[in-house]
Every structure is written in C-alpha cells, then in structure tokens.
Amino acid sequence: MKLLSFTADSPSNALKKAQLQCGEDALVVSTKEIQKKSFNKNAIYEVVVAVEEEKLKKKKEKPVKKKSSDILLDISNAAKQISQIENITSNEAPKEKLNTQPSRNKKGDKSYIEIKEEISKLSDKIKLIQEMFWEEKAPQRGKLNIPSEFAEIYKKAKLSGMDENDLNSIMELTLEHMPYSMRKNSLSIKRYFQVLLRKMIPVRLESDAFKDKKRIMMFVGPTGVGKTTTLAKLAARYSYLKEKREKVGIITLDTYRIGAVEQLFQFAKMMRLPIEDVIDISDFARALRSLAYCDTILIDTIGSSQYDKDKLEKIEEFLKNSQTSIDVNLVLSSNTKLEDMRDIYANFEYLNIDTIIFTKFDETKSFGNIFSLIKEVSKPLSYFSIGQEVPDDIMIASSEFLVNCILDGFKKEKDAKSSK
C-alpha cells in the first residue's frame, strides 16, 4: 500500500483530487486542517489516502474521469436491475412474466446480492463525503484526529449529550483496538461501537437482585421525576404481571403532598394492595411489621431538592432505624442535564444508593447523559420508565436498549416494554 497526500481549500476538493488520481478504490486514512483560515489566507485541508501500487500504476496508464452524472447513471441502472430482480422473485408474479425476463445466468448479468453490495459501497462513500462537511472547520475534535469513516458515529454520540471526555476516551479505544478489516463500512463500525458501549454499562438483573430474601425497595429522588408512578408500575408488575405473583405492600413517607398520597392510595385500591402511611420513625417500624407477610414492600418518599438537607436527613433517619435491609433506588429523569444529574447524585449518594432508575424516556431525544453518569458513578441500572401508562410502560434496564437510544433515538416498541 502507498500513502498519498492531497491538499485543497476544502475537504471535498481534496477528496476529489485524490479520487481523480487514485480512483474509487483508494481508502481515506485521515482528513485534517493544516492551515487555518486567516484574513489574507485561505484554509488548507489535507486528505491522506492509501492505494495499492498496482492499481495506482494502472490508473496512471489509463486515466478515467468519472463524472457525477455517471455515478447517478450507475445508481439508476442498479435500481432498474433490482426492480427487475424483485419482479422476477415476487411470489405474486405470473409464470408467463417470469419467462419474459432476462436470465440472471447470462454472461454480464449481476446477481441481486452483488448489486446490493455495490449500492452499499456507493452509499458509504456518499455518507463519508457528507460527514466531512460536519464541523468542517474542526477536523480535530477534542484534540483527537477522527478518521472520516468514524465521523458519523462520533457525530451521533456527541449529539446524544454524552460527556466529551467520555466520548474521546471511547473513540481512542475504538481506534486503537478495532480490527482494520472491520472499518470497511459504517455498519460494521457502528456495531463495534455499540458492543463497546454496552460493556461499559452496568445493569442489575431483576432475577439476581433479591435471591432468598424479602424485597424491600425505597424510591428516592428529586421532585417531579416520577417516583410514585414508577412505584405503581412495579407494584403491578410484581403482583400481577410476573409469572410468579408476589404479595406486595406499599408504604408512603410522602405525607407532605396530599395529592401524592391520594394518588398512591388510588393505585393501591385499584390493585387491591395493602398500604401504610408513615409520619415518624416509630410509625415506619410499625408499618414494616404490619407488612411482614408480604414478599415485596415498596416505599415511596417525599420528593426533595438535592439541596434540601433537612428532608434528606429525615430519609436517612428512616433508613438507619429500619432494623432491616432496604434497597435504595435513586429515581432520575432522563431529560435532566448531565451537570444536574451529577449534582443530584452527589447529594443523594450518602443514602447508600444501590441502583438507579431512569424515567421519562418518551420526553427526550438525548440519552448520552445517562451513559456518562453511569460510567462515572459505577452504579447499576435496574429499570427504565418509558411512558405514562400504568402498568405497561416499565421495563427491566437493558444496556442494549440504552445504546440503541443513544445512537438511533428512543423507539417505543412492544418488545421494549417490561419483560414478561
């Protein structure tokens, strides 16, 4: 392989020069700005390509210039051939029509698979050129040279709200360890990136959480994140939706908000579940004893600002004097900024958080903030609340689902809902 360098006033012009001299088979190694634009100077961009020496010699012997109209003609012809093949293979096509179509076995005809591969390669090249124009004035992102074939996945991850330091460190790992053979197209690059992200997301499986012991879960978090609704969804899940139904009891410590207490009492009444309201520590101990026959006890707490130390200390008192093991679940809204998530976690951390539940997946388009927080605090995810419907819109946390949300956006599908 031989490396050649081409410069121009824009990445696209430099790429055109490379294609004219080296042909379509040349591989783009890097794209960078080597001279910034100033008052009396134009910017200069460099594209480095790799090409086999034999192909370069042939290119010099027989120079061929391919116009954009030729590329469009190739796409048009390929589309026609695919249409013909689709008609031939269609189950609804009459037999007479099958006999009138040209045979795919004739010399010079291309198979359906070959045509799809050609279009896929062409599509990747077009996508590569498009991504080169993204932040054209900043080919070096975060002091990291991003090869053009990685630009699409870098752009998606950055727009997801992921912390830039996290993104750059992950991209460095990808560039260092990803086999060169997998860099042929954007799909293989995306799959490799997805696997890498998934391995960095800790998840606590529901089946492993409470083996051979009573499930007692307390839900804590800021006001308005959906603690009460999440509790109701899980109460329905444990008592009605799982294969093995459980006896479920509810305790509410949120006696400050009349609306929240009434809402929870209505949920409990509809599901025919016992519920206890608690004001002080002695009431809490009594409520736990009263629901001792239950397999699962779910505890709702008052929504508290992360800066309201009095309310947080009151919750801590309940935990310290419970005389039993309580699983503390921090509930956060997925549409919260990463900086605020960090602040919330830092102030709730002394309650000894066991897992994190994220709500309101249907109210945001950015999920990189969730990834960055989990990566920083190393606490496992347990559940995702993906909509407003009780009890349907709750699912066991999945690293694969979260990564798909980060790179492709949230899609509320049936299989995304609670595992049953």
Residue separation between K199 and A292 times 0.36 nm, minus their alpha-carbon distance, gives in nm 29.7 nm
What number do you get for region 274-412 when its Cα radius of gyration is normalised by 2.2 N^0.38 Å, N = residues?
1.15
Of the listed peptides 332-340, 200-208, 401-409, 178-186, what is their order by residue-averaged count of other C-beta atoms within 10 Å, with the highest listed first?
401-409, 332-340, 200-208, 178-186
Taking F6, F358 and counting other beta carbon atoms within 10 angstrom, the fewest-first order is F6, F358
Where does each of S305, S10 land when they are ranked from fewest to most other beta-carbon atoms within 10 angstrom?
S305, S10
Once amide hydrogens are built 1.01 Å from N within the peptide plane, the residues lying 5 or more places from V331 or on another chain with amide H under 5 Å from its amide H are V220, G221, I357
Going residue by residue through region 280-285, the Karplus relation 6.51 cos²θ - 1.76 cosθ + 1.60 with θ = phi - 60° gives ³J(HN,Hα) values, rounded to whole Hz and with x marking Gly or Pro, of 10, 5, 5, 5, 5, 4
For region 327-335, 3J(HN,Hα) per residue [Karplus equation, 6.51 cos²θ - 1.76 cosθ + 1.60, θ = phi - 60°, Hz, x = Gly/Pro]
7, 9, 10, 7, 9, 10, 8, 5, 8
Quick one: if the Förster radius is 56 Å, what FRET efficiency do K314 and H177 give, using the C-beta to C-beta distance and rounding to 0.05?
0.70
Potential lengthening between Q388 and K16 on full extension [0.36 nm per residue; Cα-Cα distance subtracted]:
128.8 nm
Distant-in-sequence amide H partners of I299 (H built 1.01 Å from N, under 5 Å):
M217, M218, F219, I251
Given a Förster radius of 41 Å and the C-beta distance between K155 and K242 as r, what FRET efficiency does 1/(1 + (r/R0)^6) yield to the nearest 0.05?
0.50
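Every number here is computed from the coordinates shown, using simple stated rules; none is lab data. Just so you know, these numbers come straight off a predicted model, no measurement behind them. All Cβ positions, glycine included, derive from the backbone under ideal geometry; neighbour counts span all protein chains shown.
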